[in-house]
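Single-structure report; data block below.
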Amino acid sequence: MRRRKHTNRSSAGWGNPSGDAGLRRGSAGGFTLFELLVVCGLVALIAGVLARSGAGDIEQARRQRAAADVQGLAQALATFEATVGQWPTLDAGAATNRTRVLLSGSVLPSANPWVGGHSFWAWVRSGFGDLMQNHLLVNAPGGQTAHRYPTQGAARWRGPYLDACPLDPWGRPYVANVLATYSTNRTNHRQLLVVSAGPDGRLQTAATATATQRIAGDDIGCLVWER
């Protein structure tokens, strides 16, 4: 009786005399170090692009909010003048046409809130600045209610003229150069503006506010009134 030849059918050698099929399947089913590095690089690249895109969207939203804020503040100032019969320039002692600049926010800054110097800050530091809210939200020029705008008669304070006087989206005050409303200088201070220093925090719009000057640099603002 003829004996059958024994065939080795171990997992290592089945159909593969060299016995390395298991090794080949492991290499084909995973990633090499080079492939992993390529994938990681692509992921990092995509994440960077998305982050830049997101940052750009956030900055654009801030600009849009600032533009809406200055329009709202400008409208409030114009309405104030239309109802009171004068611009908001009283100081705490009821001296007319002494306040030169109004700032948004709930407290006058004790240090320059902008990058670099500017006449607006020099006026605040010299005592010629006040908060917008003292004129537009409450009738308390300079934070004092003893001397305020008239509350009776046709021309009287009828505020509040807006809901809030916020800081700009970068945490700095909006500014209104109310000096322009009473200056008699033939060249300078001819435009009443509401301005934000914008993303870089540097006020580039000149305080001289001549008839031909406009909002400069990356400042965000609008014209309220001019003479």
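Listed values, structure above:
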{"read-out": "Mean-position separation - Cα centroids, the range 161-227 and the range 32-93, in angstrom", "value": "19 Å"}
{"read-out": "Within the chain, helix-based [θ] at 222 nm, where runs of 4 or more DSSP H residues each add -39,500 (n - 2.57), nearest 500", "value": "-10500 deg cm²/dmol"}
{"read-out": "Sequence-separation-based contact order of the range 164-212, relative, with Cα cut under 8 Å and 6+ spacing, percent", "value": "35 percent"}
{"read-out": "Answer label, with volume of the Cα convex hull per residue in Å³ calculated from the coordinates and candidates [x] 208; [y] 130; [z] 113", "value": "[x]"}
{"read-out": "Label-point separation in nm, Arg52 to Val138, each point 7 Å along Cα→Cβ", "value": "4.9 nm"}
{"read-out": "Förster-model FRET efficiency, 30 Å R0, Asp218 and Leu108, C-beta, rounded to 0.05", "value": "0.75"}
{"read-out": "Degrees, to the nearest 10: 33-84 long Cα axis against longest axis of the chain", "value": "20 degrees"}
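Values quoted throughout were computed directly from the atomic coordinates according to the rules given, and no laboratory measurement underlies them. It should be emphasised that the depicted structure is a prediction, and the values quoted were computed from it without experimental measurement. Ideal geometry is used to build each Cβ from the backbone, glycine not excepted, and the neighbour counts take in all protein chains shown.
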